[in-house]
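Written out below as structure tokens is the structure these notes cover.
The values are calculated or read from the model by the stated rules, or taken from the named source; none is laboratory data. Quick caveat: nothing in here was measured; it's all calculated off a predicted structure. A quick note on method: Cβ atoms are made from the backbone with ideal geometry, for glycine too, and the neighbour counts reach across all protein chains shown.
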Amino acid sequence: MAAFDVESIAKEFGFDDISFSEISAGHINATYRIDTGKGSFLLQRVNTAIFTEPGKMMENISLVLEKIPSLFLVRTNDGRLYHEDESGFYRVYNFIRNSISYDKVTSPEMAAKMGEALRSFHGMLSEIDGSRLYETIPHFHDMFSRFEQFDEAVRNDRVGRAGKVSEEIGFMNRNRERAERISSLYASGALPVHVTHNDTKLSNVLFDRTTGRYITFIDLDTVMPGTVLFDTGDMIRTGCSTAEEDEKDLDKVHFSVDYFKAMENAYVSGNENLTETEKSLFAESGRTITFIMALRFLTDYLNGDTYYRVDYSEHNLVRTRNQMKLIEEMDKLIF
Ligand code: GN1
Ligand code: MG
């Protein structure tokens, strides 16, 4: 990515004399905390290779933000939602003080809080008219299209890594039909279309540091129409694992049935907004989204790490194996 000057970009949003530090969370965009005379904010450079219509994405986000009082966008000096120049596409959010996010769930109570948070967030999203939303990344959770990308990556073997990962490739192929089940139902119209977040990993939920109460989901880039199962799936993937998604030591990676049950109870029990089909696929959603991540990480590994930010050459393979381990445990424990 081309270098850019955080201070001069901050000026476009009306901030002089700032100090800043990079926040390394996230695999796609670059994020900085900026401290200014008017308070603290988050400045982000959007990865426009992935979000190819960032202006439309920002319109989506601003529609969602109407429902989230704690989060807002700072406008540029000329009143726009973003600043764009030859160095990139930028936006600024307020920084929510005294908030905390987690990389791992550490108790069933916390897992239940996550389930409740998602339930309440979905309730809020259901007030948004989905037809006004642009589809930020078409086919984002479409397993058929993810398998096409995977098959192509295996065929091309662009960086000569396929031989090394024949076991992982075999795993993907063996699981193909089952993994496509939710996409297949969604395409057939058997699952209701809702406004969904599509990146509901644990670290995208903010809680109040003092009271522990849920504040909001952040990272609204992929809010678009989908099935709630995409979101429950990512919540299960990240909230029921005893380790982070790039933990190398697979002995530390376990699927917690206790967390899963707590989450399921909090999200599903008495939830009248869910159909019977959605309820019956709650566990399957966790397997499916964990699988799609494994598939995407492996595809990126085969393509030579062109999509996700990596810190070392085997990073995407480590992520793949980590997600596969979770699926193996789910298969033993909840199916
Ligand atoms: C990416 O950039 P980040 O970390 O918010 C990815 C998600 C994955 C996630 C895995 C647009 O999100 O789909 O779940 O990595 N976002 C995009 O950690 O591809
Ligand atoms: Mg994201």
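Hey, does segment 289-312 have a residue that's modelled with pLDDT of 95 or more, under 17 Å from Ala111 (Cα atoms), more than 12 Å from ligand 1 (Cβ to nearest atom) and touching a helix residue (DSSP H, G or I) at 6+ places or on another chain (Cβ under 6 Å)? The answer is no; no qualifying residue exists. Annotation note: of Ile215, Ile182, Ile169, Ile137, the sole residue that is surrounded by 13 or more Cβ atoms within 10 Å (Cβ to Cβ), of a type in the set (A, V, I, L, M, F, W, C) and farther than 18 Å from Ile292 by Cβ is Ile215. Considering (1) more than 23 Å from Ser24 (Cα to Cα); (2) within 16 Å of ligand 1 (Cβ to nearest atom); (3) buried (at least 23 other Cβ atoms within 10 Å of the Cβ); (4) hydrophobic (A, V, I, L, M, F, W, C), say which one Met263 fails and leave the rest. Single failed check for Met263: (2). Being modelled with pLDDT of 95 or more, in the same structural domain as Ser70 (by TED's automatic domain parsing) and surrounded by fewer than 18 Cβ atoms within 10 Å (Cβ to Cβ) is the requirement here; does Gly14 meet it? So Gly14 fits the description; yes. Within segment 185-204, residues that are acidic (Asp, Glu) reach partners that are in a loop (DSSP other than H, G, I, E, B) with beta carbons closer than 7 Å, at six or more positions or on different chains, in the pairs Asp199/Asp219; Asp199/Thr222. A residue that is among the hydroxyl-bearing types (Ser, Thr, Tyr), surrounded by 18 or more Cβ atoms within 10 Å (Cβ to Cβ) and either within 23 Å of Leu125 (Cα to Cα) or away from ligand 2 (no atom under 16 Å from the Cβ) (or both) cannot be found anywhere in segment 50-63.
Just name the residue that is nearest to Leu220 (Cα to Cα) out of those in segment 165-177 that are part of a helix (DSSP H, G or I) and touching a residue at least 40 places away in the same chain (Cβ under 8 Å). My answer is Met172. Only a single item in (1) within 16 Å of ligand 2 (Cβ to nearest atom); (2) charged (D, E, K, R); (3) assigned to a loop (DSSP other than H, G, I, E, B); (4) at pLDDT 95 or above is not met by Arg91, and it is number (3). What residue, among those in segment 195-220 that are within 16 Å of ligand 2 (Cβ to nearest atom) and in a loop (DSSP other than H, G, I, E, B), is nearest to His139 (Cα to Cα)? In this case the residue turns out to be Asn198.
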